[in-house]
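Peer 1: Dumping the structure here so I can ask a few things about it.
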Amino acid sequence: MPLLLLSAFVMLMAIGASWNIQKSPKGYFALLMVLNMAVMGIFCALDFFLFYLFYEVMLLPLYFLIGIWGGARREYAAIKFFLYTLFGSVFMLLIIVGLYFSVINPVTGAHTFNMIYMMNPQNYLGDSIFSWDGYQEILGISARLIGFVVLFLLLRSKYR
């Protein structure tokens, strides 16, 4: 909830700071509102698939905001932003799919993207890649630790 309030406040500040924009203000503010919707969706998502969907939706308005209303080298910056986020999104998707196949819904017994179920160690399959016991290793390091570090670094670099 605090992150929702903070992002709403930051968006209000961004709108106030760009109130006198001259170049296509309707498009600019429309993209800003789509960006705001996606950021709010990220913070509200309790399902990893929805989280990833909102994360990807957030990239489109950012790309156009950088590419159209950016600084002197805006095209270069927009392409660089696109390539970095595409690279990071692939790794994030791999970890999310790994989590999907590691967690089951205790009611139905089917795999799930639900983050609430992911918090309970009893919902993890014992032989899965991200099992709670952490016996699965990649290059001698726990797969859970590698997944956490990759997600942490990707999301940290995105919101920096």
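Peer 1: If you take the residues of the range 18-42 that are in a helix (DSSP H, G or I) and among the aromatic types (Phe, Trp, Tyr), which of them is nearest to Leu65 (Cα to Cα)? Even if it seems obvious, please write down each step before you answer.
Peer 2: Step one: list which residues in the range 18-42 are in a helix (DSSP H, G or I), which gives 25-42.
Filter again for among the aromatic types (Phe, Trp, Tyr), leaving 28-29.
Working: Tyr28: 7, Phe29: 10 Å.
For the range 18-42, the residue satisfying everything is Tyr28.
Peer 1: Of (1) hydroxyl-bearing (Ser, Thr, Tyr); (2) without any contact (Cβ under 8 Å) to a residue 12 or more places away in the chain; (3) part of a helix (DSSP H, G or I), Tyr100 satisfies all except one. Which?
Peer 2: Exception for Tyr100: condition (2).
Peer 1: So Leu62 fits all but one of (1) farther than 27 Å from Gly126 by Cβ; (2) not in a helix (DSSP H, G or I); what number is the exception?
Peer 2: Unmet for Leu62, out of (1) farther than 27 Å from Gly126 by Cβ; (2) not in a helix (DSSP H, G or I): (2).
Rundown of residues vs (1) surrounded by fewer than 18 Cβ atoms within 10 Å (Cβ to Cβ); (2) at pLDDT below 90; (3) not charged (D, E, K, R), yes/no style:
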| site | (1), (2), (3) |
| --- | --- |
| Leu6 | yes, no, yes |
| Gly16 | yes, no, yes |
| Ala30 | yes, no, yes |
| Met33 | yes, no, yes |
| Ala38 | no, no, yes |
| Ile42 | no, no, yes |
| Ile66 | no, no, yes |
| Tyr84 | yes, yes, yes |
| Leu99 | no, yes, yes |
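Peer 1: While we're here: Within the range 9-17, is even one residue outside any helix (DSSP H, G or I) and not hydroxyl-bearing (Ser, Thr, Tyr)?
Peer 2: no
Peer 1: Test of understanding: among Phe130, Phe148, Phe152, which residue is in a loop (DSSP other than H, G, I, E, B), hydrophobic (A, V, I, L, M, F, W, C) and at pLDDT 75 or above? Break it down into steps so the answer makes sense when it comes.
Peer 2: Details: Phe148 fails: in a loop (DSSP other than H, G, I, E, B); Phe152 fails: in a loop (DSSP other than H, G, I, E, B).
Testing whether each residue is in a loop (DSSP other than H, G, I, E, B), hydrophobic (A, V, I, L, M, F, W, C) and at pLDDT 75 or above leaves just Phe130.
Peer 1: Now for a different question. Of everything in the range 62-78, what is in contact (Cβ under 8 Å) with a residue 40 or more places away in the chain and under 15 Å from Ala14 (Cβ atoms)? Give them in sequence order.
Peer 2: Of everything in the range 62-78, just one residue is in contact (Cβ under 8 Å) with a residue 40 or more places away in the chain and under 15 Å from Ala14 (Cβ atoms), namely Trp69.
Peer 1: Identify the single condition in (1) more than 30 Å from Phe101 (Cα to Cα); (2) in contact (Cβ under 8 Å) with a residue 12 or more places away in the chain; (3) of a type in the set (Phe, Trp, Tyr) that Tyr55 does not satisfy, given that it satisfies every other one.
Peer 2: With respect to (1) more than 30 Å from Phe101 (Cα to Cα); (2) in contact (Cβ under 8 Å) with a residue 12 or more places away in the chain; (3) of a type in the set (Phe, Trp, Tyr), Tyr55 is out only on (1).
The values are calculated or read from the model by the stated rules, or taken from the named source; none is laboratory data. Bear in mind that the values here come from a model prediction, so they are computed numbers and not experimental data. Here Cβ is always computed from backbone atoms with ideal geometry, including for glycine, and neighbour counts include all displayed protein chains.
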